[in-house]
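Student: What follows is a structure written as structure tokens; I'll ask about it next.
The values are calculated or read from the model by the stated rules, or taken from the named source; none is laboratory data. Note that the structure is a prediction, hence the values are computed from the model and not measured. Note: ideal-geometry Cβ built from the backbone for every residue, glycine included; neighbour counts use all protein chains shown.
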Amino acid sequence: MYPRSELDSRIRRLKRWMGRRGIDLSLVNTPSNMLYLAGTSEAQLLVVPLDDDPYLVSRYAFGDEIARERSPYHVEVQRPFYGTSGREVVNPSVYDLIAERHGDAKRIAVDFLSSQDQVEKVRKRFKRGKKSAAIVSMDDQLRRMRIVKSEYELGLMKESASIAMRAFESLEIRVGMTEREIANLLEFKMRELGADEPSFPTIVASGANSFNAHHVNTERRIGEGEILLIDFGARYKGYCSDMTRTFYLGRPPDNFSDRYEAVLNAQLRALDFIRDGVPMERPDIEARKVLKEHGLLEYFVHSLGHGIGIDIHEFFRLLVGRGGKLQEGMTVTDEPGIYIKGWGGIRIEDTVIVGKNRGIPLTEKLSKDPDYFRR
């Protein structure tokens with residue numbers, strides 16, 4: 001269970017925003033937002049009245065007990081009754097339950113404006129005569145709240161990174177293993193060390209498959225004299241880590257070594273600019289400058305990085321042309337890569353805290369030696 005003080009602080013911040021905007025009631029159903037505010041995603045809705053305590057609404061036997069275990073807030077249970085004929089069915093909507101308590105709400109904030117069906121259900125339940133309650137989005141406010149991590153959140157992300165690194169270091173990868181076999185072993189190890197689950201499906205790309213930035217693992221067996229790219233991370237108490245390492249099985253040829261050094265230098269250059277007050281596009285620009293010097297710029301075809309936390313991809317990207325400035329305490333990835341069709345790819349990635357003077361990698365202790373698996 002997350003500390004009550006941590007969650008209460010987030011709720012207070014949300015209520016201050018509600019007060020400024022004249023919002024009577026907030027309804028949250030996006031799992032990551034609910035986890036952030038209430039410590040659990042095992043509910044249908046988190047309800048935050050401006051002038052009362054927050055509570056969760058969960059379906060009987062479908063998450064209500066889990067929500068009680070994980071959240072300090074009250075859980076209201078939606079319990080349907082079906083009886084033995086269609087006439088006996090009693091299955092109130094979650095919005096019916098909320099409207100009974102807060103039917104006089106005039107302005108409601110939601111984090112699901114993109115779900116027209118749900119928005120219409122809210123409008124229907126909060127209608128007085130011909131006039132419905134005004135419904136506004138809280139997405140921007142929740143992004144602002146989640147973008148800078150608290151010390152508690154950073155602690156969870158550090159442990160997530162530690163689990164992933166220890167799991168990787170325990171692997172014994174041998175020529176002849178399949179991509180799927182390696183991915184399954186790594187994910188098992190992360191769970192064994194305390195991860196909730198992988199942050200995302202582990203990517204193991206060998207040989208020419210390393211050209212695919214988001215490769216889907218196959219039964220291909222890894223071989224001597226080829227590239228091996230592994231992209232992985234652990235989720236711990238809801239928070240993610242993300243890292244990629246690229247290796248060469250056997251003695252690397254000069255073209256691999258030169259390209260690898262260029263990508264590594266681009267990553268390290270970017271790290272110097274992942275700091276407070278720097279424009280969000282600057283780290284990406286600096287990495288591209290390095291790759292341009294080595295004639296590789298055309299092969300860097302994605303952003304340098306993205307926000308990370310409860311979601312593996314959170315708001316904002318480190319990409320040329322993007323506005324905004326970095327703030328100390330944000331968490332991002334630093335992952336330049338090159339992808340050359342018919343040859344393969346190289347990506348080097350760390351999860352990084354935006355620091356006061358320089359980025360602080362959480363995954364830096366994981367070896368970046370491309371000969372790591374050389375026997």
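Student: Give just the number: which of (1) in a helix (DSSP H, G or I); (2) touching a residue at least 40 places away in the same chain (Cβ under 8 Å); (3) within 20 Å of D371 (Cα to Cα) does D231 not satisfy?
Tutor: (1)
Student: Moving on. Check T333 against each of (1) in contact with a helix residue (DSSP H, G or I) (Cβ under 9 Å, 6 or more places away or on another chain); (2) closer than 21 Å to K149 by Cα; (3) surrounded by 18 or more Cβ atoms within 10 Å (Cβ to Cβ); (4) touching a residue at least 60 places away in the same chain (Cβ under 8 Å) and name the one condition it does not meet.
Tutor: All conditions are met except number (1).
Student: Would you check if there is a residue in the stretch 113-135 being modelled with pLDDT of 95 or more and of a type in the set (S, T, N, Q)?
Tutor: No, the stretch 113-135 contains no residue that is modelled with pLDDT of 95 or more and of a type in the set (S, T, N, Q).
Student: Can I ask one more? Restricting attention to the stretch 253-269, does a residue exist that is outside the structural domain of T30 (by TED's automatic domain parsing), closer than 30 Å to M34 by Cα and surrounded by fewer than 19 Cβ atoms within 10 Å (Cβ to Cβ)?
Tutor: We begin by selecting, within the stretch 253-269, every residue outside the structural domain of T30 (by TED's automatic domain parsing); these are 253-269.
Imposing the further condition that a residue be closer than 30 Å to M34 by Cα reduces the set to none.
The answer is no; no qualifying residue exists.
Student: Just to verify a result, which residue in the stretch 96-118, among those that are assigned to a loop (DSSP other than H, G, I, E, B) and more than 30 Å from the chain's Cα centre (by Cα), is nearest to L25 (Cα to Cα)?
Tutor: Going residue by residue through the stretch 96-118, those that are assigned to a loop (DSSP other than H, G, I, E, B) are 103-106, 111-115.
Of the ones still in play, those that are also more than 30 Å from the chain's Cα centre (by Cα) are 103-106.
Details: G103: 10, D104: 10, A105: 7, K106: 8 Å.
Step by step, filter the stretch 96-118, then rank; the result is A105.
Student: For the stretch 134-161, which residues satisfy the criterion of being in contact (Cβ under 8 Å) with a residue 40 or more places away in the chain and of a type in the set (G, A, S)? Explain how you work it out, then say what you get.
Tutor: Applying the first criterion (in contact (Cβ under 8 Å) with a residue 40 or more places away in the chain) to the stretch 134-161 yields 136, 138, 141-143, 145-150, 152-154, 156-161.
Correct list: S150, S160, A161.
Student: Next question. Collect the residues in the stretch 85-95 that are surrounded by 10 or more Cβ atoms within 10 Å (Cβ to Cβ) and part of a helix (DSSP H, G or I), keeping them in residue-number order. Quick ask: steps written out before the conclusion?
Tutor: Looking only at the stretch 85-95, we keep the residues that are surrounded by 10 or more Cβ atoms within 10 Å (Cβ to Cβ), and these are 89, 91-95.
Across the stretch 85-95, the qualifying residues are V94, Y95.
Student: Tell me which of these H313 doesn't satisfy, since it passes every other one: (1) in contact (Cβ under 8 Å) with a residue 12 or more places away in the chain; (2) of a type outside the set (S, T, N, Q); (3) within 26 Å of L37 (Cβ to Cβ); (4) in contact with a His (Cβ under 8 Å, 6 or more places away or on another chain).
Tutor: (1)
Student: Now a separate question. So the check is Cβ under 7 Å with 6+ separation or different chains; which pairs have a first residue in the stretch 50-78 that's in a loop (DSSP other than H, G, I, E, B) and a second one that's surrounded by fewer than 15 Cβ atoms within 10 Å (Cβ to Cβ) and small (G, A, S)?
Tutor: Within 7 Å, the pairs are L50/G19.
Student: Only residues that are under 17 Å from I98 (Cβ atoms) and in contact with a strand residue (DSSP E or B) (Cβ under 6 Å, 6 or more places away or on another chain): list them for the stretch 19-35, please.
Tutor: Selection gives I23, D24, L25, S26, L27, V28, N29, M34.
Student: Shifting gears a bit: For the subset of the stretch 270-297 comprising residues that are over 24 Å from the mean Cα position of the chain (by Cα) and of a type in the set (A, V, I, L, M, F, W, C), which member is surrounded by the fewest Cβ atoms within 10 Å (Cβ to Cβ)?
Tutor: L297
Student: Also, I was wondering about something else. Could you list all residues from the stretch 18-49 that are within 24 Å of the chain's Cα centre (by Cα) and part of a helix (DSSP H, G or I)?
Tutor: Once the filter is applied, which keeps residues that are within 24 Å of the chain's Cα centre (by Cα) and part of a helix (DSSP H, G or I), the stretch 18-49 yields P31, S32, N33, M34, L35, Y36, L37, A38.
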